[in-house]
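Report on one structure; see the data block that follows.
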Amino acid sequence: MAYKRLLVAIDLGTASDKIAVKAASMARTQHAEIHILHIVEPLSLTYGADLHLDTSVLQEEINEQAEIHLSSLAQSLSIPTQHCHLASGRPETEIPAVARQIGADLIVLGSHGRWGLELLLGTTTDGVVSAADCDVLAIRVDRET
């Protein structure tokens, strides 16, 4: 099966570039359109009520840095600006939502090998697989990268 529209979800960690390069190569091979997505988790979701200060300036800085990194990565892979997506929320919810919005038929993301308690509690990858309306390809990411 040849895919026509790929959505690559990255976390902007050290392995993100490798995942994006693999996905871009796959897209070229299949003559598919490629989109790249980063989800910024709001500090209020991450830390909840533990934060007793205004985080809006910090959140804005996080969003700006994410945009810069996403744009740079997209440019290095010749991904058009209109195919770069930055969303806010929980990755396991937002990734499938953006995939539906753009009509993706494959979501590509990185996955750490999880064992023990991490496996029982579930991962972003598991959440995306459960919520997605299309195929999901998890690229193994080593913990050291």
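The values are calculated or read from the model by the stated rules, or taken from the named source; none is laboratory data. Computed from a predicted structure; not experimentally measured. Methodologically, a virtual Cβ is constructed for each residue, glycine included, from the backbone with ideal geometry; neighbour enumeration extends over all protein chains shown.
If you take the residues in segment 25-39 that are free of Cβ contacts under 8 Å to residues at least 40 places away in the same chain and either in a helix (DSSP H, G or I) or among the basic types (Lys, Arg) (or both), which one is surrounded by the fewest Cβ atoms within 10 Å (Cβ to Cβ)? Only one residue fits best here, namely Thr29. For segment 91-103, a residue qualifies if it is over 18 Å from Gly13 (Cα atoms), touching a helix residue (DSSP H, G or I) at 6+ places or on another chain (Cβ under 8 Å) and crowded, with 23+ Cβ neighbours inside 10 Å, and exactly one does: Pro96. The residues in segment 7-24 that are surrounded by fewer than 23 Cβ atoms within 10 Å (Cβ to Cβ) and among the small types (Gly, Ala, Ser) can be counted, and the count is 4. If the requirement is being at pLDDT below 90, of a type outside the set (Asp, Glu) and surrounded by 12 or more Cβ atoms within 10 Å (Cβ to Cβ), which of these qualifies: Leu53, Leu86, Leu58, Leu117? It is Leu58. Per this entry, Glu41 is counted among residues that are at pLDDT below 90, under 20 Å from Gly127 (Cβ atoms) and of a type in the set (Asp, Glu).
Pairs meeting the criteria (first residue in segment 64-76 and farther than 11 Å from Leu12 by Cα, second residue assigned to a helix (DSSP H, G or I), beta carbons under 9 Å, at least 6 apart or on different chains) are Ser71/Thr81; Ala74/Ala20; Ala74/Thr81; Ala74/His83; Gln75/Thr81; Ser76/Asp17; Ser76/Ala20; Ser76/Val21.
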